[in-house]
Each structure stands twice: as structure tokens, then as C-alpha cells.
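Peer 1: So that we are looking at the same thing, I have put the structure below in C-alpha cells.
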Amino acid sequence: MRKLSLIGLLLITTLLAHSQSPHGDDLNFDCDDCHTTQGWTMEKGKYSFTHDLTGFELKGQHVSLDCRQCHQTLVFSEARTECSSCHTDMHQQTVGFACERCHNEQSWIVNNIVDVHRQGRFPLMGAHLNADCQDCHPSASLLLFEPVGVNCIDCHQADYNSTTAPNHIEAGFSENCTDCHKMNAFSWSGIDFTHDFFPLTEGHAIADCGACHPGGDFSNANPECSSCHQEDYDLTQNPSHGASGFSLECTECHTTAPGWKPAEFKQHDTQYFPIYSGSHNGEWGNCVDCHPNPSNYAIFTCTDCHEHNKEEMDDEHDEVGGYIYESAACLECHPNGDGEGGFNHNNSNFPLTGAHLTTMCADCHVDGYEGTSTFCADCHQVDYDQSTNPNHGELDLDIDCAQCHTTAPDWSPASFDIHDNYYTLTGGHIDVANDCISCHNGDYVNTPTACNDCHSQDYADAVNPDHTELNLSIVCEECHTTNPGWNPAEFAVHNDYYPLLGAHINVDCNACHDGNYEDTPNSCFGCHQQDYADTDNPNHTDLNLATTCEDCHTINPGWSPAEFAVHNDFYPLVGAHTTVDCNACHDGNYEDTPNTCYGCHEDDYNQTTEPPHASAQFSTDCELCHTQFAWEPSTFDHDAQYFPIYSGSHQGEWESCIDCHTNPTNYSVFSCIDCHEHNQADMDDEHDDVPDYVYNSLACFDCHPTGEEDKMRSIRPKTKYIID
């Protein structure tokens with residue numbers, strides 16, 4: 001008996017080796033790894049197969065799954081290993097297809113949100129660790145995580161706008177929140193504020209912001225020294241700043257060094273007397289050396305240091321008119337402290353600078369020294385009238401020379417602050433505003449105003465793209481602004497060379513040109529070859545689709561909608577299929593769409609009740625009865641297989657299947673006598689000589705298989721119908 005079993009096993013193995021495996025050609029396991037000779041059913045503990053050999057280890061929830069949940073058919077190689085092949089993408093492609101980045105086989109619950117975020121563009125730190133997902137992802141409750149901006153201001157614009165201490169908008173603060181606030185802090189108080197607009201140095205290097213911003217109000221802080229130090233100014237007595245009429249601009253004398261020292265009063269040389277320069281340079285120790293009355297710095301003395309014998313000085317100055325032996329008299333004739341004496345013009349209301357330093361007194365004081373005008377044009381009207389480069393009179397320039405000129409010799413250099421009244425300086429032209437010669441070349445009368453007049457060489461030298469070869473307009477402003485480097489530039493005539501439509505309208509120039517405007521391809525595939533190679537729904541490479549993208553796609557964003565004119569090369573579309581929506585068949589998956597009628601119309605088959613295809617066990621080969629042009633009328637061959645209803649005496653004599661099939665759940669039940677009403681007594685008498693006659697529909701059909709009285713079977717055959 002054992003020998004017979006071995007022979008049987010060998011025979012089965014041999015037959016299986018020469019027969020086609022129901023598991024497909026790719027399964028390389030031995031049958032007895034899973035099956036026994038007792039039957040095909042796999043019994044636990046009796047097979048050696050392990051799923052680890054397939055390259056897809058069963059872990060977590062997969063361990064307890066029934067095989068059929070993943071393997072819909074016996075061809076196991078058809079089951080794909082991607083999560084999305086079995087699991088619906090609840091996130092609707094908003095987070096990609098790599099489910100394993102967030103989920104594992106144990107549970108859908110995501111326990112490593114921080115790690116997941118760290119893999120993306122926005123790691124969670126500080127207060128973001130405690131934030132609810134919906135705060136940033138409004139559609140998170142729907143499991144949709146649409147891409148959101150990663151800049152602070154994308155979420156915190158309202159915080160920026162509503163902040164009043166200080167008012168960020170009025171202060172013009174940066175919208176890059178991390179310039180001041182720390183990402184790893186749990187409140188806005190984690191401040192790393194850059195105080196560059198008012199450097200905190202030396203005495204100002206204080207840690208307590210409230211010392212300058214009392215009450216936490218950062219909006220009203222005044223950068224003027226006196227706004228904080230008015231009291232220091234008022235209390236200072238050495239010298240008394242108030243009594244001396246010192247400027248409230250503390251930086252004129254002081255630095256930010258603690259204690260206000262050292263302090264310098266450089267204005268003393270120009271406004272009063274040279275103590276930092278001239279013969280007194282370094283020859284004094286303290287203010288009180290010359291100002292013996294600290295409460296009144298208007299009082300000063302020369303004779304305390306420069307001790308003279310009054311009698312000798314009186315005798316020496318005997319011929320000096322108005323001479324008086326006192327300090328004030330010294331200063332009048334010795335304004336610089338020099339022994340030679342002289343008039344200090346700087347003590348007047350017209351200090352001498354520039355070319356005025358070498359001008360003869362009589363050139364200005366032609367009528368004496370009283371009432372001499374200090375207005376430029378009163379002396380220089382002739383210079384104004386004779387100026388031709390440019391002609392001041394023709395341009396109606398202001399006669400207040402000081403608006404453009406200083407007292408430098410030859411009026412040069414000169415500024416021209418009203419340049420915008422004649423030609424507006426913007427962008428790159430602002431940078432050359434101090435280098436007038438670069439545009440005017442010494443000629444301020446005939447300077448051209450058209451861009452190309454100055455930039456024709458730039459036009460000729462441009463190679464990216466070559467302006468000359470492309471015969472581009474020489475009206476530079478059609479594409480360029482005055483920004484330095486001609487950048488950014490617009491190319492309004494782009495459509496003359498390559499029309500920008502659809503998604504191309506808003507695309508960044510560099511996305512296509514990558515900085516090269518000379519050799520940019522103008523075919524779709526030239527730019528989108530990688531898109532073609534990466535597309536897997538359907539896989540363009542496997543299908544060997546044409547690389548002329550425009551055969552199927554428009555330039556709409558997302559390549560959608562797309563046409564597929566070569567559909568008939570893969571699956572002919574005829575009849576009703578010519579107008580059906582792509583998604584109705586493909587449902588977004590263009591890779592594994594079934595190509596049999598039943599593959600798409602299984603629900604139609606199962607839901608059809610007249611007749612009920614499933615219970616009547618109609619063929620799932622829909623084309624046996626239906627066409628692609630319409631479900632009705634169908635071509636069910638009732639005449640040849642069952643009973644002639646389209647021909648013979650019943651042609652056109654019925655309206656619906658239920659006329660004869662009185663039980664819609666079982667089409668094997670039919671009735672003749674419901675339509676052909678007979679009196680049973682008459683029928684029994686009429687068929688008295690018919691053997692085995694019974695008054696019912698089956699008896700009718702046995703003798704009248706075509707429904708006609710003159711075409712009767714002489715011998716009743718065994719019918720295929722069962723009548724309950």
C-alpha cells in the first residue's frame with residue numbers, strides 16, 4: 001500500500017511538472033512546500049513554506065491576515081508590496097506614497113511625529129512640540145496634510161500684525177521672525193533681538209530692556225540722547241550745559257563710554273576758540289583753566305595763563321585803536337591765539353571755507369565791511385549767467401548756489417539733488433549718481449536720455465541671449481528696469497519666440513533656462529524627460545509611449561486634463577466607450593485597469609434582475625449578448641438554447657421576460673398556461689390519447705417545443721427545466 005502511495009505521489013508530481021501552475025510562472029517553490037497528497041488545502045503544521053522567502057516578511061497585523069486578503073487570485077506574484085496597493089490612501093496623495101515613513105505594521109497610530117517632521121522641511125522645536133496638528137494643518141481632521149509654508153510669517157502673520165509693544169508694522173520689523181525670536185523657545189519671550197539700528201555699546205550695554213523701554217512699551221522709544229538723558233544735561237555744572245547753551249545732541253561731545261568721559265568739544269575750535277588745534281593744542285588741562293566761573297562759561301580769561309604786565313601791554317598796544325587790557329580784547333585781535341593777531345572770520349556769521357579762504361577781502365567787501373551780503377548769487381550772479389554746461393538760465397535753476405555747490409574751488413565737486421526733475425535716477429542709476437562723468441562725460445547739455453544711447457555696447461556684448469542675433473528691440477526698457485545687473489528682467493516678447501501658455505505662464509524663468517537663455521530646448525521632452533521617466537501611472541517607458549508630450553498633454557498645470565489619442569493601440573474604444581469619462585474605468589489608476597467587460601461591469605452583472613444574471617448563471621462574457629454600443633437590445637440566443645420567442649408563433653407576442661418567467665428569482669420556472677389560457681377539462685379531454693399527459697406548462701413544452709400545434713414531438717424527451 002505504501003508503494004502505491006509513493007507511485008501516486010510520483011505520478012502527481014510528474015503531471016504537475018508538465019502542467020501549468022495555477023500560481024503563474026514566477027512561483028519557484030516546490031508544491032510539497034505547501035501541499036500534501038491528501039489535498040490542496042494547506043494545513044497548519046504540515047507545510048514548510050515561510051513567507052520570509054518571498055522578500056516580504058509578515059510582521060505585526062500582517063501575521064494574522066487571511067492570505068486571500070492580499071492575494072485576490074492564486075497568482076501570488078500579482079500581489080504588490082507597496083502599502084498603497086492594499087490600503088486606501090486616506091491622505092489623498094498629500095503626504096506621498098511611502099506609508100512606512102509614518103506607519104508600521106503594528107498600528108496606524110503615528111507615535112513618532114517629531115521624527116517624521118524632522119525628515120521634512122519643518123522640524124518641531126520649542127512651542128511647536130506642543131502645537132495641535134490642526135493649528136498648522138487645517139484639514140488634518142480629514143487626514144489631509146496639504147503642503148504649508150515653512151516660514152514663520154506663513155502662520156504668524158496675525159501675531160505680527162497685532163503686536164503693539166513694539167508695533168512691528170510701524171517699526172518696519174523683519175517678517176523673518178527668527179531674526180528676533182527663537183525657534184526652540186516655548187513663548188515669544190525667547191528673544192534674540194538684533195539692536196543694530198541703535199547699537200548697544202559701552203554704557204548702553206545693559207541687560208534690562210525696561211531701563212530704556214519702561215512698562216514694556218517698545219513703540220515710543222526715542223533714539224535722541226536727550227529723550228533719556230535730559231536730566232543729566234540739566235544737572236551737569238562743569239560746565240553748566242544749560243547756562244552755556246550747549247547742544248542737546250550729546251554725541252557732539254560724548255561717546256557712550258560710562259560716566260560720559262572722556263568727552264570732547266570739537267566745536268570749541270570752530271565756534272569759539274582753537275584749543276584742539278593751533279598754538280593751544282594740548283596746552284590746557286581743564287575747562288576751568290580758561291573759564292574760572294563754572295556757572296557761566298561765557299566768562300573766559302586769557303591773562304590768567306598769559307600773564308603780562310598791564311603797563312607794558314598798554315605801552316605795546318598804544319597805537320592800537322580801542323585797545324583794552326582784558327581777555328575779550330585779546331580774542332578780538334588774536335582769534336587763534338597767535339601773536340601776529342588778525343580778524344577771526346569764523347566768529348562772524350560767515351565762516352570762510354574752500355575758495356573763500358584765499359579770496360581777497362576787497363573782492364567781497366567792495367563797499368566796506370558793513371552790510372556785506374552772505375547770499376551766494378549777490379556775488380556770483382555773473383557766474384550763474386555765464387554757465388553753459390549746463391545753461392543755468394535755460395534750465396531755470398535756482399539761484400541759491402548752495403543747493404548744488406560748495407565753496408570748493410571751481411565749483412567742483414557739485415551735487416544736483418533736483419536731478420529727478422529732469423531725469424529720474426532709479427535702480428543702478430542711483431549708484432552712479434555720485435559719478436556724474438560716467439553718464440555725462442563732462443557734457444551736461446547733450447546727454448542722451450534713451451537707454452540704448454548709453455548702453456549700445458551692452459546690447460552688442462549680450463550673449464545670453466545674443467540680442468543681435470535675435471534682433472531684439474533696442475528699447476531696453478521693454479525688458480529691463482534700471483536695477484543693477486539688468487536683473488530682474490522681463491521678456492514681454494517671449495511669445496514671439498516660444499508662446500507661454502497654461503502652466504508656463506507663471507513658471508520662473510530659471511526653471512526652464514537655468515541661467516542659459518541661449519540653448520534652451522523648445523520641445524516638451526527637452527525639458528520634461530525626467531517627468532516622462534518618473535511617470536508610473538501609466539509607466540510611459542514600459543508602454544513605449546511617444547516622447548512628443550503634446551500628443552496627449554496640454555500645458556495645463558499638473559498635465560491635466562490629458563488626452564490619450566493612441567488608446568486604441570492598447571484598448572479599442574468603440575460604442576459607449578467613446579464618450580465615457582476616463583476616471584469611470586481607470587479610477588485614477590492607469591496601470592492595472594482590467595480589459596474584460598466583466599472586469600469593469602461586475603456590479604452591472606450582479607445587479608441586473610431582468611433577468612437576474614447571477615442566479616441564472618449567465619456567462620460573464622458580456623459580449624455574448626451585449627455590444628459596446630448599448631446594453632439593450634441584447635442578443636441573447638433564447639431561440640436556439642431554450643425556446644423560440646424571436647421567431648415562430650411567439651414572434652412579437654411578448655413584452656417582458658416576466659410574461660413567461662413568473663418567478664424573477666428563478667428563471668428556470670416558466671409558464672405557458674398563463675398566456676395560453678385553457679379549460680383544464682377541455683384540455684384533458686382533448687389530450688385523452690396522449691400518453692403521460694399532465695395539465696401544466698412543462699407538458700405543453702414537451703409536446704409543443706416550438707409553441708406551434710402542428711409541430712409536436714412524438715416522444716416526450718427529457719426536459720432540462722424543472723417545474724416546482
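Peer 1: Solvent-accessible area per residue for the chain at a 1.4 Å probe radius, Å²?
Peer 2: Roughly 72 Å² per residue, with all protein chains present.
Peer 1: Also, I was wondering about something else. Using Cα atoms only, what is the angle between the long axis of helix 376-386 and the major principal axis of the chain, expressed in degrees (0 to 90) to the nearest 10?
Peer 2: On a 0 to 90 degree scale, this one is about 70.
Peer 1: Which one, [x] 0.96; [y] 1.14; [z] 1.93, gives Cα Rg over 2.2 N^0.38 Å as derived from the coordinates shown?
Peer 2: [z]
Peer 1: Now for a separate question. How much length is gained on full extension from D692 to Y233, taking 0.36 nm per residue of separation minus their Cα-Cα distance?
Peer 2: On the way: separation 459, 0.36 × 459 = 165.24 nm, distance 13.76 nm.
Roughly 151.5 nm would be gained on extension.
Peer 1: Give the span of region 124-199's Cα atoms along each principal axis, as three whole-Å numbers ordered largest to smallest.
Peer 2: So the three principal-axis extents are 49, 23, 18 Å.
Peer 1: Right, another one. What accessible area, in Å² to the nearest ten, does a 1.4 Å probe give for S295?
Peer 2: Surface accessible to solvent at S295 totals approximately 70 Å².
Peer 1: Run the 1.4 Å probe and let me know the accessible area of D417, rounded to the nearest 10 Å².
Peer 2: 130 Å²
Peer 1: Which of L235, A355, C180 sits closest to the plus end of the dipole of the chain, meaning its Cα is farthest towards the positive end, when Lys and Arg get +1 and Asp and Glu get -1 on the C-beta?
Peer 2: C180
Peer 1: Report in % the part of the accessible area of the chain that belongs to carbon and sulfur, leaving out ligands and nucleic acids; probe 1.4 Å.
Peer 2: 53 percent
Peer 1: P(r) for region 554-649: what percent of alpha-carbon pairs falls in each 5 Å bin, starting at zero?
Peer 2: Final binned percentages: 2, 9, 17, 21, 16, 12, 8, 6, 4, 2, 1, 1, 0.
Peer 1: Also, quick follow-up: Which Cα, out of H480, A408, Y532, lies furthest along the positive dipole direction of the chain (beta carbon charges, K/R +1, D/E -1)?
Peer 2: Y532
Peer 1: Roughly how many whole Å is it from the C-alpha centroid of region 19-86 to that of region 434-474?
Peer 2: Comparing the Cα centres of region 19-86 and region 434-474, I get a distance of 77 Å.
Peer 1: For L58, what accessible area in Å² do you get when you roll a 1.4 Å probe over the heavy atoms of the protein chains, rounding to the nearest 10?
Peer 2: Counting only protein heavy atoms, the figure is 60 Å².
Peer 1: Expressed as an acute angle from 0 to 90° and rounded to the nearest 10, what is the orientation of the C-alpha long axis of helix 597-607 relative to the principal long axis of the chain?
Peer 2: 70 degrees
Peer 1: Shifting gears a bit: How big is D for region 490-622, in µm² s⁻¹ as a whole number, if Stokes-Einstein is applied with the Kirkwood radius of its Cα pairs at 10 °C and 1.306 mPa s?
Peer 2: 86 µm²/s
Peer 1: Okay, next question. Mind jotting down the distance between the C-alpha centroids of region 403-417 and region 105-154, whole Å?
Peer 2: Rounded to whole Å, the Cα centres lie 63 Å apart.
Peer 1: Run the numbers on region 597-670 and let me know its relative contact order in percent, using alpha-carbon pairs under 8 Å that are six or more apart.
Peer 2: Details: 63 pairs, mean separation 20.6, N = 74.
Here the relative contact order equals 28 percent.
Peer 1: Sort L235, L573 by heavy-atom solvent-accessible area, probe 1.4 angstrom, most to least.
Peer 2: Details: L235 120, L573 55 Å².
Order by accessible area, largest first: L235, L573.
Peer 1: Oh, and also: Treat every Asp and Glu Cβ in the chain as -1 and every Lys and Arg Cβ as +1, leave all other atoms uncharged, and give the resulting dipole magnitude about the Cα centre to the nearest 20 debye.
Peer 2: It works out to roughly 3820 debye.
Peer 1: Here is a further query. Run the Debye formula on the Cα coordinates of region 419-575, all scatterers equal and no solvent, and tell me log10 I(q)/I(0) at q = 0.11, 0.13, 0.19 1/Å.
Peer 2: The Cα Debye sum returns log10 ratios of -0.64, -0.77, -1.23.
Peer 1: Using amide H atoms built in the peptide plane, which far-off residues or other-chain residues are under 5 Å from N167 H to H?
Peer 2: S219
Peer 1: Right, here's the next one. Roughly how big is region 388-475's charge dipole about its Cα centre, with Cβ charges of +1 (Lys, Arg) and -1 (Asp, Glu), in debye to the nearest 20? Write down the numbers at each step before the final one.
Peer 2: On the way: 0 positive and 15 negative charges, 4 e Å.
Dipole about the Cα centre, nearest 20: 20 debye.
The values are calculated or read from the model by the stated rules, or taken from the named source; none is laboratory data. No experiment lies behind these values; they were computed from the predicted model shown. Glycine also receives a Cβ, built like all others from the backbone with ideal geometry; neighbour counts cover every protein chain displayed. These accessible areas exclude ligands, DNA and RNA; they are computed on the full protein's heavy atoms, side chains included. Shrake-Rupley method; radii C 1.70, N 1.55, O 1.52, S 1.80 Å.
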